[in-house]
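Trainee: Can you read through this structure? Questions will come right after.
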Amino acid sequence: MYKSAISMVLIVTLSGLLQGCLGPAVVSAGIGAAMMAEDPRTAGVIVDDRIIVSKLSSRIRDKYPDKAKIHVTSYNRVVLLTGQVSEESIKDDLQLMVLETQSVRDFKDETTVREFSTFRDFTKDGAIKTQVVSLLTRSKDVRIVRVSTTVEAGTVYLMGLVTRDEGETAAQIAASVKNVSKVVKIFEYVD
């Protein structure tokens, strides 16, 4: 599978070079296709995950523009909600929204009723996520395309389809990053 993905990237790269300015766009598409070849989800599930995130994010933003700051993640049709809401009743309504969303198999609600994160908190979480993803990408024991990383208030949420060893390694790597307060594994194990 690696050889076919690499061959595809090379063909796309060469054809992109022959087409002039289309090269970078075509190369990006080729790299994306190579990564999809490594993704354990089917193309249909990947599309479903994107649709789930888009629909839920839109519904939440439209219904609670000033009362909820929610991040929606979906991997293999399992939804993770993180962020803050202003009232407990909103938290309950979010759970109903997830259950009503087509294709969702399961969900984990990690939202909290509290004041919204500040820009500084958001920046700190972004820095943590960048470092965790960077370390996971460099790890020979974790296939990054199998892991989705979300960070909220210093807690790292890891989702994906992994072996137990990959999951443990990913959690250990995430826990080693400065300012990480907790690591939550929401993995589905393939072994």
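The values are calculated or read from the model by the stated rules, or taken from the named source; none is laboratory data. Just so it is clear, the structure is predicted and the values come from calculations on it, not from any experiment. Here Cβ is always computed from backbone atoms with ideal geometry, including for glycine, and neighbour counts include all displayed protein chains. Just so you know, the surface numbers come from the protein's heavy atoms only, side chains and all, with ligands and any DNA or RNA stripped out. Shrake-Rupley method; radii C 1.70, N 1.55, O 1.52, S 1.80 Å.
Trainee: From Arg164, Arg114, Arg138, Arg143, grab the single residue that is without any contact (Cβ under 8 Å) to a residue 12 or more places away in the chain and not β-branched (Val, Ile, Thr).
Mentor: Arg138
Trainee: Still on this structure, please answer the following. Any idea which of (1) open to solvent by less than 30 Å² (accessible area, probe 1.4 Å); (2) closer than 25 Å to Ala170 by Cα is the one Thr101 doesn't satisfy?
Mentor: So Thr101 meets the others, but not (2).
Trainee: Just name the residue that is farthest from Val177 (Cα to Cα) out of those in the range 104-120 that are modelled with pLDDT of 95 or more and open to solvent by less than 60 Å² (accessible area, probe 1.4 Å).
Mentor: Val104
Trainee: Please go through the range 67-92 and pick out each residue that is open to solvent by 30 Å² or more (accessible area, probe 1.4 Å), in contact (Cβ under 8 Å) with a residue 12 or more places away in the chain and more than 19 Å from the chain's Cα centre (by Cα).
Mentor: Result: Lys67, Ser86, Glu87, Glu88, Lys91.
Trainee: On the given criteria, is Phe116 farther than 30 Å from Thr163 by Cα, in a helix (DSSP H, G or I) and aromatic (Phe, Trp, Tyr)?
Mentor: no
Trainee: Give just the number: which of (1) surrounded by 14 or more Cβ atoms within 10 Å (Cβ to Cβ); (2) touching a strand residue (DSSP E or B) at 6+ places or on another chain (Cβ under 9 Å); (3) at pLDDT 95 or above does Val145 not satisfy?
Mentor: (3)
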